[in-house]
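The values are calculated or read from the model by the stated rules, or taken from the named source; none is laboratory data. As the structure is a computational prediction, the values presented were derived from the model and not from experiment. When we count neighbours, we look across all protein chains shown, and the Cβ atoms used for this are built from the backbone with ideal geometry, even at glycine. Only protein heavy atoms, including side chains, enter the accessible area calculation; ligands, DNA and RNA are left aside. Shrake-Rupley method; radii C 1.70, N 1.55, O 1.52, S 1.80 Å.
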Amino acid sequence: MSTASCRHDIIPRPRYFKRQPGYFTLNQNTEIVADKVSEGTAKYLSDCLAPAMGFRLPVRTNKNTRNSNVIILGILPGRKELGGEGYELSARPQSVRIAAGEPAGLFYACQTLRQMLPAEIISPARAESPPWRLPCSEIRDFPRFPWRGLMLDTARYFHPKDFILRYIDLMAFYKMNRLHLHLNDTQSWTLEIKKYPRLTDPATRWPPGEKERGSYSRSDMREIVKYAAARQVMVIPEFDLPGHARAILNAYPELICSHIPRPAGSHDYGEMCAGKEEVYDFIGNVLDEITAVFDSPYIHIGGDEYGGWDWEKCPDCQRRITTENLEAEDTPELRKLFKNCQGSPRKYLLYRYMMRRVARMVTDRKRIPVLWDDLAWRGKFPEKSVIMQWHCRGAYDWMQNADTPENPAREAAEAGRAAVVAPHSHYYFDYLHGGALLKRLYEFDPVPRGLAANRHSFILGPHACSWERRPADVDWKVFPRLLILAEKGWAAKSLSCWDDFRQRLEKHLPRLQRLGVRCAKPLAWPRKELFFQWKAPAGAGWQTSWLINEIIAGNGEFKAEVSITRVKGEKIAAGLELAVDGHEFAPCQAAGNHEHKRAKYLFRFRIKEYKPESLYRLRLSLHGNEKSPLCGKVLVRKSNKQNA
């Protein structure tokens, strides 16, 4: 089959597809026949098809049916070439036969079947449609990666149970299989823990009593886990530590370093104490309750963005450094990487001790620890752990004030650790909107460049993250980008073709609409211009910034026009700066003029060494608006000048 085009609209693209003459038509005489192992999947398929068709296909377990219009599901043990999630689907005018080595493969075959039917089949109520038919074809399919994931941030803005269930269905429709729930952060803790009831007390949330925070009961979360399992989605909880723990510390201040004052309701403290033994008792007790609710083999333990300000002066923490001989692990490389970091310049000593100890606590409970990448490891990751990449090679680590020297996923794989690929440059879907930079995203491959072929198996797969989004905003941030991640996680690399995918995506946009998804409109890249509006409060100085990758697809000169609504009697100074991958902002070349009621400033900047994986950001700075708030616009365009 050519990589340039295919004769179907299926996402993700099957590994092998061959069109055959004719159609199989579903009608009121159609039956679904399944063996005992497949019966649950057969009933699921019948349930999915019934609302739109207006009638239900009966499920039989008698293989000797005489019906000539039948869908047959069956497990064929020993089909190792299909793996645990692969399947074969053969559609003929009289029958559709689906076979797989394991139930997951049958389930994914059903998603393929649903996508082959008219788009109206996913309607929640009876739909007027042409005949319910699918093209006769031969399909053999299995995924490239075992991990195809999405993270939802339930701590900063609570996502109700029904919202989570809806996203499980959307993920399953596109053969995604890992749902990662970020359960705690500065703002709130979201899972009922019986031993520590104050964790979910509204008074411990930040801001106190904030209505956009919430929590799940154990029964609610068990329902989510069970619902997901029936759709081949594994729910992975994240207990984020040692940082992002202010809601925990507000509820149980005894977990703070001993020397820190604890005024009621304060959120000025940072991490959990790394020295107190009672902190590890708390972590162990919480892990016991998490593992009682989640059956996932993976438990995410966080490990990102820690400062260690408190550790430096805490007697318990300093005693821990001595008693555990942590300085023996110090190296000149670590001291150099952390010398300009935010927080304590030797925080990595206690960080590595704490995360390794918590990782062992997870493995002691027969689970696998997952943690965010960090500069502290330098290849010496916790044993039996999975590393979730979020930094990119060469990108600026704002917490450590240093460049990331290696691709963390490659570094983990070369150290013999499994890695999940979630670089913020491509897979943080809270950046921009769901229709932006689709071609750039599609052309990004999850396997790091330069990784030896015998290490590719350590790359588990791609993983998207949706941070800090209200439920109403998640759809248009995530879609249609999530379909690209689904394709890159499942389809063979040899079949990757942007033009073909773009055509299939166009056919799926009406389907997403029928599924109730507020999908962002796909936009051409690069765009001809970018337009931003802003409002600045009164004050001595103010800054804001925007990602501008949507207008950059190569080297060139660009111009930006900053318009400011002026306030009589005030002299406003404006500056514009460019940063690449978070590195220090460099001033753009400025030239400007003032008009009667508005101030306009013109800036130019040049991209000399374009990098497709880099993030480009403009920062606007204002000075002189001490008395009154300001508002304005920024228009960015590519210059007509040719580059040398």
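Assorted remarks:
- The C-beta contact set for region 430-444 (first residue in contact (Cβ under 8 Å) with a residue 40 or more places away in the chain, second residue assigned to a helix (DSSP H, G or I) and open to solvent by less than 10 Å² (accessible area, probe 1.4 Å), distance under 7 angstrom, 6+ apart or interchain) comprises G434/V478; L437/N549; L438/I484; L441/I484; Y442/I484; Y442/F501.
- Restricting the search to helices (runs of 4 or more DSSP H) fully inside region 311-390 and requiring at least 1 residues that are under 29 Å from the mean Cα position of the chain (by Cα) and within 22 Å of R417 (Cβ to Cβ) gives 332-338, 347-364.
- With a requirement of 2 or more residues that are of a type in the set (D, E, K, R), the helices (runs of 4 or more DSSP H) lying completely within region 397-483 that satisfy it span 408-414, 438-442, 471-478.
- Any chance L152 is open to solvent by less than 20 Å² (accessible area, probe 1.4 Å) and within 22 Å of G40 (Cα to Cα): no
Residues checked against (1) over 24 Å from the mean Cα position of the chain (by Cα); (2) in a helix (DSSP H, G or I); (3) within 24 Å of L326 (Cα to Cα):
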{"position": "A203", "(1), (2), (3)": "yes, yes, no"}
{"position": "K226", "(1), (2), (3)": "no, yes, no"}
{"position": "A247", "(1), (2), (3)": "no, yes, no"}
{"position": "C257", "(1), (2), (3)": "yes, no, yes"}
{"position": "A274", "(1), (2), (3)": "yes, no, yes"}
{"position": "F282", "(1), (2), (3)": "yes, yes, yes"}
{"position": "N285", "(1), (2), (3)": "yes, yes, no"}
{"position": "I290", "(1), (2), (3)": "no, yes, no"}
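- Every pair of residues 6+ apart whose Cβ atoms lie under 8 Å, when the first sits in region 498-513 and is under 11 Å from F479 (Cβ atoms) while the second is among the aromatic types (F, W, Y): L512/F479
- Residues within region 536-582 that are in a strand (DSSP E or B) and out of contact with any Ser or Thr (no Cβ under 9 Å at 6 or more places or on another chain), tallied: 10
- Looking only at residues of region 131-144 that are of a type in the set (A, V, I, L, M, F, W, C) and open to solvent by less than 10 Å² (accessible area, probe 1.4 Å), we find that the one that is farthest from K80 (Cα to Cα) is L134.
- Yes/no for H259 being open to solvent by 10 Å² or more (accessible area, probe 1.4 Å) and in contact with a Pro (Cβ under 9 Å, 6 or more places away or on another chain): yes
- Positions within region 487-502 being open to solvent by less than 10 Å² (accessible area, probe 1.4 Å) and in contact with a strand residue (DSSP E or B) (Cβ under 6 Å, 6 or more places away or on another chain), in sequence order: G489
- Scanning region 207-225 for residues being open to solvent by 50 Å² or more (accessible area, probe 1.4 Å) and touching a residue at least 60 places away in the same chain (Cβ under 8 Å) gives a total of 3.
- Filtering region 81-100 to residues that are out of contact with any Ser or Thr (no Cβ under 6 Å at 6 or more places or on another chain) and either modelled with pLDDT under 95 or of a type in the set (G, A, S) (or both) leaves E81, L82, G83, G84, G86, S90, S95, A99, A100.
- Test for M171: is it touching a residue at least 60 places away in the same chain (Cβ under 8 Å), more than 21 Å from T291 (Cβ to Cβ), assigned to a helix (DSSP H, G or I) and open to solvent by less than 10 Å² (accessible area, probe 1.4 Å): yes
- Within region 226-256, being touching a residue at least 40 places away in the same chain (Cβ under 8 Å) and open to solvent by 10 Å² or more (accessible area, probe 1.4 Å) holds for Y227, A229, A230, R231, Q232, M234, H244, R246, N250, Y252.
- For A125, the test of being among the small types (G, A, S), more than 18 Å from the chain's Cα centre (by Cα) and buried (at least 17 other Cβ atoms within 10 Å of the Cβ) is failed.
- Residue in region 183-206 that is most open to solvent (accessible area, probe 1.4 Å), counting only those that are in contact with a His (Cβ under 8 Å, 6 or more places away or on another chain) and not aromatic (F, W, Y): T186
- Number of positions in region 190-234 that are farther than 20 Å from Y157 by Cα and of a type in the set (F, W, Y): 2
- In region 484-515, the qualifying residues are those that are in contact with a helix residue (DSSP H, G or I) (Cβ under 8 Å, 6 or more places away or on another chain) and not in a helix (DSSP H, G or I), and the one that is nearest to N625 (Cα to Cα) is L515.
- Test result for A402, among the small types (G, A, S), open to solvent by 10 Å² or more (accessible area, probe 1.4 Å) and under 24 Å from G270 (Cα atoms): yes
- Total residues in region 41-83 satisfying the condition of being open to solvent by 40 Å² or more (accessible area, probe 1.4 Å), out of contact with any Phe, Trp or Tyr (no Cβ under 9 Å at 6 or more places or on another chain) and in a helix (DSSP H, G or I): the figure is 4.
- Among (1) in a helix (DSSP H, G or I); (2) under 29 Å from A491 (Cβ atoms); (3) open to solvent by 40 Å² or more (accessible area, probe 1.4 Å) - the single one I164 does not satisfy: (3)
- Residue within region 66-80 that is of a type in the set (D, E, K, R), over 15 Å from I32 (Cβ atoms) and at pLDDT 95 or above present: no
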